[in-house]
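Novice: I have a structure I would like to understand better, so I am pasting it below and will then ask my questions one at a time.
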Amino acid sequence: GAIRQWVDFQNQPDTEDEDGNIIKTENFFCVVDLHAITMPHDPKELSESTLASAALYLAAGIDPEKSKVFVQSHVPAHSELTWLLNCITPMNWLERMIQFKDKAKKQGESVGVGLFTYPTLMAADILLYKATQVPVGEDQRQHLELARDTVRRFHDLFCKGNAYKKRCKQAGIPSRPPFVEPEAMIVKEGARVMSLTDGTSKMSKSDPSDASRINILDPPDVIRKKIKTCKTDAIKGLEWDNPERPEATNLLNIYLAVQPSRTREDILEEVQDLSWGEFKPLLADAIVA
């Protein structure tokens, strides 16, 4: 869903401000290898997956003539700005982050500080480029709100009054605030894809079980096997939004996400009376297609 938005957004025309000045649309797509090392990883595999991710961006339709694609660690300013933002970010802001709580439970006492300050690095990734719109999954909305809070806090602390204007004048730079509050771009349907082995947990690359997720590079036979063996329930028929049936909602969301021209109503009409054994092949075919 996110990459589909990226491809669409890079093709949008430039806009004009209220004074008629052209605002050129710029697109930055970053392979976030610094984020990846906040979780247990193999350095060799990380290097390979970083290049593979960049290649997937291009294969999915990101055009280097229209967009900038780069590796996060290749730009030192990401780490430098992260440290500056860490120094002004209250710890209780980071303690509220749901993703940290969930992953810290799984890692136990071995959890690293990097995972705790992950949202600050994400804020730096965004603010460094004065990004106005950020394509993220639903699970990242809280982190984006923290980035917006960070902008306001930084401006309140350092960018007000005559002293700030004087510093800017001495440095020969404009006195307008340095950062922009970003807005989220989120796919409304299927934005949060859950695990194939647990419909209440997010599908994640960091899950130890490869069967819990569908990787972009999975061949068709692997995808079909994962769908065939994924967790379901004993109830015949499919339905959305029943809290007692999280796997049903998740698999229907995936079915809808890979067929963006269809609606919930259309899909329910097709599959609501099917058994899991009848529906799973349809889902696998739709994903592979």
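The values are calculated or read from the model by the stated rules, or taken from the named source; none is laboratory data. Quick caveat: nothing in here was measured; it's all calculated off a predicted structure. Positions of Cβ are backbone-derived with ideal geometry, glycine not excepted, and every protein chain shown enters the neighbour counts. Ligands, DNA and RNA are stripped out before the accessible areas are found, and what is left, the full protein with its side chains, is counted by its heavy atoms. Shrake-Rupley method; radii C 1.70, N 1.55, O 1.52, S 1.80 Å.
Novice: Kindly indicate whether any position in the stretch 128-140 is touching an Asp or Glu at 6+ places or on another chain (Cβ under 7 Å) and among the basic types (Lys, Arg).
Specialist: no
Novice: So, one more: Determine which member of the set THR89, THR25, THR82, THR38 is without any contact (Cβ under 8 Å) to a residue 24 or more places away in the chain and either of a type in the set (Phe, Trp, Tyr) or surrounded by 12 or more Cβ atoms within 10 Å (Cβ to Cβ) (or both).
Specialist: Step by step, each of THR89, THR25, THR82, THR38 is checked, and only THR25 is without any contact (Cβ under 8 Å) to a residue 24 or more places away in the chain and either of a type in the set (Phe, Trp, Tyr) or surrounded by 12 or more Cβ atoms within 10 Å (Cβ to Cβ) (or both).
Novice: Ok, one more. Of the conditions (1) part of a loop (DSSP other than H, G, I, E, B); (2) under 29 Å from PRO260 (Cα atoms); (3) hydroxyl-bearing (Ser, Thr, Tyr), THR38 clears all except one; give me its number.
Specialist: With respect to (1) part of a loop (DSSP other than H, G, I, E, B); (2) under 29 Å from PRO260 (Cα atoms); (3) hydroxyl-bearing (Ser, Thr, Tyr), THR38 is out only on (2).
Novice: Does the stretch 219-229 contain any residue that is closer than 18 Å to ALA286 by Cα, open to solvent by 40 Å² or more (accessible area, probe 1.4 Å), at pLDDT below 95 and assigned to a loop (DSSP other than H, G, I, E, B)?
Specialist: yes
Novice: If I ask for residues that are over 21 Å from SER204 (Cβ atoms), open to solvent by less than 70 Å² (accessible area, probe 1.4 Å) and among the small types (Gly, Ala, Ser), which ones from the stretch 230-253 would you list?
Specialist: Within the stretch 230-253, GLY237 is the sole residue that qualifies.
Novice: Please work out which residue is least open to solvent (accessible area, probe 1.4 Å), limiting yourself to the stretch 92-111 and to residues that are not charged (D, E, K, R) and not in a helix (DSSP H, G or I).
Specialist: Top of the filtered list is MET97.
Novice: When you go through (1) touching a strand residue (DSSP E or B) at 6+ places or on another chain (Cβ under 7 Å); (2) of a type outside the set (A, V, I, L, M); (3) free of Cβ contacts under 8 Å to residues at least 40 places away in the same chain one by one for ASP139, which number turns out not to apply?
Specialist: Only one criterion is unmet by ASP139, namely (3).
Novice: State all residues of the stretch 47-67 that are out of contact with any helix residue (DSSP H, G or I) (no Cβ under 6 Å at 6 or more places or on another chain), open to solvent by less than 80 Å² (accessible area, probe 1.4 Å) and assigned to a helix (DSSP H, G or I); if no residue qualifies, say none.
Specialist: The answer is SER47, SER49, ALA52, SER53, ALA54, ALA55, LEU56, TYR57.
Novice: Could you check how many residues of the stretch 259-276 are without any contact (Cβ under 8 Å) to a residue 40 or more places away in the chain and open to solvent by 60 Å² or more (accessible area, probe 1.4 Å)?
Specialist: 8
Novice: Counting just the residues of the stretch 181-200 that are loosely packed, with under 15 Cβ neighbours inside 10 Å and of a type outside the set (Asp, Glu), which one comes out farthest from LYS105 (Cα to Cα)?
Specialist: Selected residue: LYS188.
Novice: Shifting gears a bit: Regarding the stretch 224-243, can at least one residue be identified that is within 30 Å of ASP33 (Cα to Cα), free of Cβ contacts under 8 Å to residues at least 24 places away in the same chain and over 24 Å from the mean Cα position of the chain (by Cα)?
Specialist: Checked against the condition, which is being within 30 Å of ASP33 (Cα to Cα), free of Cβ contacts under 8 Å to residues at least 24 places away in the same chain and over 24 Å from the mean Cα position of the chain (by Cα), the stretch 224-243 yields at least one hit.
Novice: Kindly establish whether LEU256 is part of a loop (DSSP other than H, G, I, E, B), closer than 19 Å to SER275 by Cα and open to solvent by less than 30 Å² (accessible area, probe 1.4 Å).
Specialist: Spelling it out, it is not the case that LEU256 is part of a loop (DSSP other than H, G, I, E, B), closer than 19 Å to SER275 by Cα and open to solvent by less than 30 Å² (accessible area, probe 1.4 Å).
Novice: While we're here: So the check is Cβ under 8 Å with 6+ separation or different chains; which pairs have a first residue in the stretch 164-180 that's on the phi < 0 side of the Ramachandran plot and a second one that's open to solvent by 100 Å² or more (accessible area, probe 1.4 Å)?
Specialist: Correct list of pairs: SER175/LYS165; SER175/LYS169; PHE179/LYS130; VAL180/LYS130.
Novice: Among the residues of the stretch 2-19, is any open to solvent by less than 80 Å² (accessible area, probe 1.4 Å), of a type in the set (Gly, Ala, Ser) and in a helix (DSSP H, G or I)?
Specialist: Within the stretch 2-19 (the criterion being open to solvent by less than 80 Å² (accessible area, probe 1.4 Å), of a type in the set (Gly, Ala, Ser) and in a helix (DSSP H, G or I)), the answer is yes, since at least one residue qualifies.
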